[in-house]
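A.B. asks: The structure that follows is given in the form of structure tokens.
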Amino acid sequence: MPNQTPPEIQAVLDWRNGDLPVSTRFDDPYFSLANGLAETRHVFLDGNDLPVRLHPGFHIAELGFGTGLNLLAVVLVAEVPIRFTSFEAYPMAAPDIRRALAAFPEAAAVAGPFLDVWAQGQRVFQLGHVAVEVVVGDARDTLPAWGGRADAWFLDGFSPAKNPELWSPDLMAQVARHTAPGGTFATYTAAGFVRRGLQAAGFGVERRKGHGTKRHMTTGSLHP
Ligand SMILES: C[S@@+](CC[C@H](N)C(=O)[O-])C[C@H]1O[C@@H](n2cnc3c(N)ncnc32)[C@H](O)[C@@H]1O
């Protein structure tokens, strides 16, 4: 039978300061220069009140898988079986992910089994307590078709100025439609059009202190 899965369109990278991956397509880095793992914990974990909310079957979803750093930050704190689904249009090659993660020894320490299966093209796998699925394709197509609902969203596209398609009001409405009752989101950006899109989609939106020198970030929960 012919393989029905379309070929993946791989990420194309430049490396800045040695080991910071920068997308050539979007002209933007994958994570902050000033400690990406600390930023992940502040924005996406604390921003969704994790890990205290985790319970068996809890489902995290993400826009923009990139290096998998956010996944690994979750793996490091998950002590019960949970799910993590990420939407990614341009998967990175395993050697590029390995190189990027080398800057974060704590995350790299749990990344081995992920990198092994990723290199073989597996996009559904188990890592520690976390059942992972990376849905490959443009989230504008794949999220509307998704059958799941997340308890917490990590909105982690490139900056809204450079990657506006991953922050559009239509896509934020899809995020809301795929959020469980009481579900939340967190993102590092405080861009007005993103906040307004999330509000229009039905989220109560809050501004919190950003990581490091960043003044603001945005969190919210779905109106009951
Ligand atoms: C800032 S990076 C994500 C970083 C990532 N969460 C990590 O832990 O390394 C943004 C990601 O969004 C992806 N992306 C951009 N536009 C997209 C789209 N329309 N659909 C799905 N993914 C997209 C990029 O390829 C990139 O991997």
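A.B. asks: Could you pull out every residue, at least 5 positions away or on a different chain, whose amide H is within less than 5 Å of the one on ASP28? Hs are placed 1.01 Å off N in the peptide plane, and Pro or chain starts have none.
C.D. replies: Residues meeting the amide H criterion: SER23.
A.B. asks: Fewest Cβ neighbours within 10 Å first, please rank GLU39, GLU206 accordingly.
C.D. replies: Going from sparsest to densest Cβ surroundings: GLU206, GLU39.
A.B. asks: Once phi is turned into ³J(HN,Hα) by the Karplus curve 6.51 cos²θ - 1.76 cosθ + 1.60 with θ = phi - 60°, what whole-Hz value does each residue of region 142-148 show in order, with x for glycine and proline?
C.D. replies: Calculated HN-Hα couplings, in order: 7, 5, x, 8, 6, x, x Hz.
A.B. asks: Helix-derived [θ] at 222 nm for the chain: sum -39500 (n - 2.57) over DSSP H runs of at least 4, divide by residue count, nearest 500?
C.D. replies: -6000 deg cm²/dmol
A.B. asks: What does the charge dipole of region 50-101 about its Cα centre add up to, to the nearest 20 debye, if the Cβ of each Lys and Arg holds +1 and the Cβ of each Asp and Glu holds -1?
C.D. replies: So the dipole magnitude of region 50-101 works out to roughly 60 debye.
A.B. asks: Among ARG98, ARG195, which comes first, second and so on when ranked by fewest other beta-carbon atoms within 10 Å? Write down the numbers at each step before the final one.
C.D. replies: On the way: ARG98 17, ARG195 20.
Final ranking by Cβ density, sparse to dense: ARG98, ARG195.
A.B. asks: Here is a follow-up. Calculate how large, on average over all directions, the projected area of the Cα convex hull of region 49-115 is; give the answer in nm² to one decimal.
C.D. replies: That works out to 4.7 nm², a quarter of the Cα hull's surface.
A.B. asks: If you scale each eigenvalue of the Cα gyration tensor by 5 and take the root, what three semi-axes come out for region 1-119, rounded to whole angstrom and sorted largest first?
C.D. replies: Each semi-axis is the square root of five times an eigenvalue, giving 23, 20, 13 Å.
A.B. asks: Once you have the Cα-Cα distance between ASP141 and SER168, take 0.36 nm times their residue separation minus that, and quote the gain in nm to one decimal. Display every interim value, and only then the final one.
C.D. replies: Values: separation 27, 0.36 × 27 = 9.72 nm, distance 1.31 nm.
Once the chain is fully extended between ASP141 and SER168, it gains 8.4 nm.
A.B. asks: Of all beta bridges DSSP finds with both residues in region 119-207, what is the antiparallel percent, to the nearest 5?
C.D. replies: Percent antiparallel among DSSP bridges in region 119-207 is about 45.
A.B. asks: Just how large is the dipole of region 13-222 about the Cα centre, in debye to the nearest 20, putting +1 at every Lys and Arg Cβ and -1 at every Asp and Glu Cβ?
C.D. replies: 520 debye
A.B. asks: Could you work out how far apart the two model spin labels at ASN35 and ALA102 are, taking each label as a point 7 Å from the Cα in the direction of the beta carbon, and quote it in nm?
C.D. replies: 2.2 nm
A.B. asks: Just check the chain against the gyration tensor rule for me: Cα atoms, a ≥ b ≥ c as the square roots of the eigenvalues, rounded for a/c under 1.5, and otherwise prolate or oblate depending on whether a/b exceeds b/c.
C.D. replies: rounded
A.B. asks: If you don't mind, there's one more thing I want to ask. How far apart, in nanometres, would the label points at ASN17 and LYS209 be if each is projected 7 angstrom from Cα along the Cα-to-Cβ direction?
C.D. replies: For the pair ASN17/LYS209, the computed spacing is 2.2 nm.
A.B. asks: How long are the semi-axes of the equivalent ellipsoid of region 25-84, taking √(5λ) for every eigenvalue λ of the Cα gyration tensor, in whole Å from largest down?
C.D. replies: Working through the eigenvalues yields semi-axes of 22, 13, 9 Å.
A.B. asks: Run through the DSSP bridge list for region 12-170 and note the antiparallel percent, rounded to the nearest 5. Provide the component values of the computation, followed by the final result.
C.D. replies: Details: 10 of 26 bridges.
In region 12-170, DSSP labels about 40 percent of beta bridges as antiparallel.
A.B. asks: Hey, can you grab everything whose amide H is under 5 Å from the amide H of SER86? Only 5+ residues off in sequence or another chain; H modelled, so Pro and N-termini drop out.
C.D. replies: Amide H to amide H, under 5 Å and 5 or more residues apart or across chains, SER86 pairs with GLU62, GLU133, VAL134, VAL135.
A.B. asks: Additional query: Calculate the spin-label point distance for ASP46 paired with ALA131, positioning each point 7 Å from the Cα along the beta-carbon direction, and give it in nanometres.
C.D. replies: Distance between the two pseudo-spin positions: 3.2 nm.
Since every read-out is calculated from the coordinates, none of them should be taken as a lab result. In this text, all values refer to a predicted model and were calculated from it rather than measured experimentally. Don't worry about glycine lacking a Cβ; one is built from the backbone with ideal geometry, like all the others, and counts go over all protein chains shown.
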